[in-house]
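Chemist: Provided herewith is a single structure, encoded as structure tokens, for subsequent inquiry.
Throughout, read-outs are computed from the coordinates displayed, never taken from laboratory work. For clarity, every value in this text was computed on a predicted model and none was experimentally measured. In this analysis, Cβ positions are derived from the backbone assuming ideal geometry, glycine residues included, and neighbour counts consider all displayed protein chains.
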Amino acid sequence: MSRAKAAAMLALPLLAACSDIGAPSRADVYEWRAVQGSDTLNFRWPPSFLPVRVWAEDQFSLPLYADSSIAAWRRVFLYHEWDAVRVADSATADVIVRYGPPPPGDDILLERFAIDSRAPECQATTLPHLDDVHEVHLPMHVYIAARFLPELPETQACLALTLTHEIGHTLGIFRHSPHPEDLMYSNPTVAGPSERDRNTAEVLYHTPANVSPAARP
Amino acid sequence: MRKTLFVIGWLAVAGTQRLAAQTDYYLRAGATAWSTLVGDFIAQDVRAKAAVAPTLVAGLGHSIATRYRAGVELAAESGGLHSEYDDVRGDLGSLRTASLLGVVDGVVGGGVRWQAGLGFIHYFAGDGAGLLASATTRLLVGGGLDFRRPLLAAFDLTVAARYDFHRFTTPALQAHGYSGAQGVQRVSLSIGLARGSR
């Protein structure tokens, strides 16, 4: 083999090595930040809090749906920006999921009232417990409840979908998408995060936060 | 019939001995360093990188001409995968790969041989969701230099430096809308024992 050929063989992979993978455009996002007074609130879990600890009340398969919700959102993050795990002890939880209506309060309410004809079976509310120094007091609370018979398959499907939506709120998406095809639409009908939900969550976790979780209880 | 069997047996034994005399086996251990696996920009630079990984290499070569051999080389690496953005380092779990190269090598001189090869690298599925949620196999091209010197009656000490290149992507990346593939370069250094032709 001539030296020129050998040099060419070596140079080819070096030249090809210069090429990078084409990253997807993440321009298609919706506003995820809540506005409180004149403040735009951007919350995300810091790496030191990962995995976020989620406890779900053992009613109407909520623990099972919590697991599938966590898995659905975990798949969104390729770089381990967010992760969660379900815990057995509510005293150690960062997020508590309970069955039932939320208690009255003055927190920001991130609600999903399923009142359209396709998913009238359940409703839920996420309470981030924000204080005026831009800290989220832990644990966050998610309340989820059936509007009709909780044992019905349609109601169970609604609980599963809605809990995935609420877990989306707990990870920092404090607003609803204006697009009906997104999971974070106020009255979602899709089972998992859409491409736009994914873009939004990814951009959220790479945007500086001005709200952080308070110390764990 | 008995004579035929004797001839076949003699040929087989003679052939095996001749083959053994011309065949070289080696086993090495070392470390492999990787260039960035994925470079991205999500409001800030994001990188997925592999840590320097312990490496095991086994191979064999057979003389095909006075100064040349052809053979196969199997390597396995096991290390960690992490992401880097801002000042965050996210643990992406373990990274386990195996590569199989068809190689040719030749004499450079002074106990040094060059080697070039073509084959595949296989990424085993990772622990859960993420870049390596499922396995993937990519074409691999590589080359390097081996140095050998007699150590024991039957064994040589062998030291090898390798460079290889492949284009990395995974089903998870494609599902997230990534296009093309990232050129990944690896360098490794390993030391071990070789037995066979000198």
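Chemist: Using only Cα positions of segment B:24-195, each an equal point scatterer, no hydration layer, compute I(q)/I(0) via Debye at q = 0.09 Å⁻¹ and quote the log10 values to two decimals.
Modeler: -0.35
Chemist: Cα centroids of segment A:16-72 and segment A:147-217: how far apart, whole angstrom?
Modeler: 8
Chemist: Compute the distribution of all C-alpha to C-alpha distances in segment A:141-217, in bins of 5 Å from 0, and list the percent of pairs in each, rounded to whole numbers.
Modeler: 3, 14, 23, 21, 17, 12, 7, 3, 1
Chemist: With the crude spin-label approximation of a point 7 Å out along Cα→Cβ, what separation in nm comes out for A:ALA191 versus A:VAL35?
Modeler: 3.7
Chemist: Just tell me how shielded B:81-94 is by partners: mean number of partner chain Cβ atoms within 10 Å of each residue's Cβ, no decimals.
Modeler: Mean partner shielding for this stretch: 3.
Chemist: In degrees, nearest 10, range 0 to 90: what is the angle between the Cα axis of helix B:2-22 and the longest Cα principal axis of chain B?
Modeler: 50
Chemist: When you look at the Cβ of every residue in B:170-178, what mean number of other chain Cβ atoms sits within 10 Å? It would help to have the intermediate numbers written out before the result.
Modeler: Details: counts 1, 0, 2, 5, 0, 3, 10, 8, 5.
Averaged over the peptide's residues, the number is 4.
Chemist: Let me ask something additional. In angstroms, what radius of gyration and Dmax does segment B:105-198 have, counting Cα atoms only?
Modeler: Gyration radius and largest Cα-Cα distance of segment B:105-198: 17.9, 57 Å.
Chemist: Moving on to the next point. For peptide B:40-52, compute the average count of partner chain beta-carbon atoms within 10 Å of each residue's beta-carbon.
Modeler: On the way: counts 10, 3, 13, 8, 3, 1, 7, 1, 4, 0, 0, 0, 0.
Rounded to a whole number, the mean comes out at 4.
Chemist: Oh, and also: Let me have the 222 nm mean residue ellipticity of chain B computed from DSSP H runs of 4+ only, each contributing -39500 (n - 2.57), with the sum over all residues rounded to the nearest 500.
Modeler: Values: 2 runs with 26 residues, N = 198.
My calculation for chain B gives -4000 deg cm²/dmol from helical runs alone.
Chemist: To continue, here is another question. At a 10 angstrom cut-off on C-beta neighbours, averaged per residue, how do the peptides A:84-97, A:151-164 rank from highest to lowest? Could the numbers behind the result be given before it?
Modeler: On the way: A:84-97: 17.6, A:151-164: 19.5.
The packing order, highest mean first, is A:151-164, A:84-97.
Chemist: Inverting the mean 1/r over all pairs of different Cα atoms, compute the Kirkwood radius of the protein assembly as shown and quote it in Å. Could the numbers behind the result be given before it?
Modeler: Working: mean 1/r = 0.0400 Å⁻¹.
It is 25.0 Å.
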